[in-house]
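Before any comments, here is the structure.
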Amino acid sequence: MPTCAELRGWLLACALLLGMPASAVTPVETPYGAVSLPFTLHKIADAPVYYIEGLSGVPDTVNEGHTSNAGFIVTPAGVVVFDALGTPALGYRLLQRIREVTDQPVKYVVVSHYHADHIYGLQAFKQHGGAPTVLAQRGTLGYAGGTTDSQGEDAQRRLEQRRQALFPWVDERTYIVAPDEVFDQEMNFELGGVRFEIRHLGPAHAPGDSIMLVRNYGVLFGGDVLYGGRVPFLDSPETDITRWLQGLEYIAGLEDQVRYIIPGHGTLSANARQVVEATRDYILYVREAMARAVRDFVPFDEAYRNTDWSRYENLPAFDASNRGNAFRIYLEEEARSLK
């Protein structure tokens, strides 16, 4: 059965093919360009926890860069946001959704990791959301600070790429917002009687990968360590498969404490073990297939062609990510075999 995200994506594609507006929803103007996509706010049934679910696929002008998830928690003393989406316009729409729910100020924005599809919306929070404190793991500083190291260079290249691929939602006015406060392994705080526990699990998908448990309500925001019902993205220069698998084991150990998981991409789940196993099983399957090919001296193209991908080929993002994932792991296994 298709997910809500898939249905929205199909409806959007059909509308474009028919020459209709990008969605049946009237475009909403923001200071960063109009957002013409549905921007549905979901709520955890018995908790003041809300989330926005992105569309599947690679950020482009069809999905307006709306491919990741974000959420927020309302407390008597203010709002805590987790991730800020992939354009300033989407960040502004998230702010609008927050204001539909509460007048409480946004106190913190916790960033799962510094990849473009999760951070460009921070600009809207700084310029129009009362400049909340941005929290992230220390490993994000190289990327966010625009330094001359490889992370900083990658950040600038990605920003230039998105200025082309996502214009006008990302343009010459778009900039990277650095964290205001950083932590090393974990950071815990309380706001309005609600306990927030942030833990670093990276480098996994990215150096700063962090998750956040909203202790009072048993809700876990997983960032891109977890993918709900879609193919994970392994094809990043910073990806560390070994640490990623260790992080998944840590999350599995929280099973009795977690009622709901909101992944970085994909759908909400009330089954923590299922989400962990789905992400872990995919990583292991790709790694084992590519490691076997390297051991048998099978060229990548042949190895990829002969691997049975039927378990995953119907999942969202398979076409966009799977081959790149396999190639990156193949190269990693090849390098390991030469040591």
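A few points about this structure:
- Computed from Cα atoms, the angle from the helix 272-295 axis to the main principal axis of the chain rounds to 30 degrees.
- The alpha carbon centroids of region 293-316 and region 259-284 are separated by 23 Å.
- Using a cutoff of 8 angstrom between alpha carbon atoms and counting only pairs six or more residues apart, the relative contact order for the chain works out to 13 percent.
- Here's the list of aspartates and glutamates a cross-link from LYS339 could span, going by alpha-carbon distance under 17 Å and ignoring same-chain residues fewer than 8 apart: ASP296.
- Evaluated on region 263-339, the Kirkwood hydrodynamic radius is 13.5 Å, with distances taken between all distinct Cα atoms.
- Helix 318-337 axis, angle to the chain major axis (alpha carbon atoms, nearest 10°): 50
- Here the residues MET187, MET290, ranked from fewest to most Cβ neighbours within 10 Å of their Cβ, fall in the order MET187, MET290.
- Farthest positive-ward along the chain dipole, Cα basis, beta-carbon charges - from GLN156, ASN69, THR102: THR102
- Using every pair of distinct Cα positions in region 4-272, the Kirkwood expression returns a hydrodynamic radius of 18.4 angstrom.
- Helix axis angle, 88-101 relative to the chain longest principal axis, alpha carbon, degrees: 50
Taken together, the values in this text are just the output of simple stated rules run on the coordinates, not laboratory data. Since the structure is predicted, the reported quantities are computational estimates derived from the model, not experimental observations. Methodologically, a virtual Cβ is constructed for each residue, glycine included, from the backbone with ideal geometry; neighbour enumeration extends over all protein chains shown.
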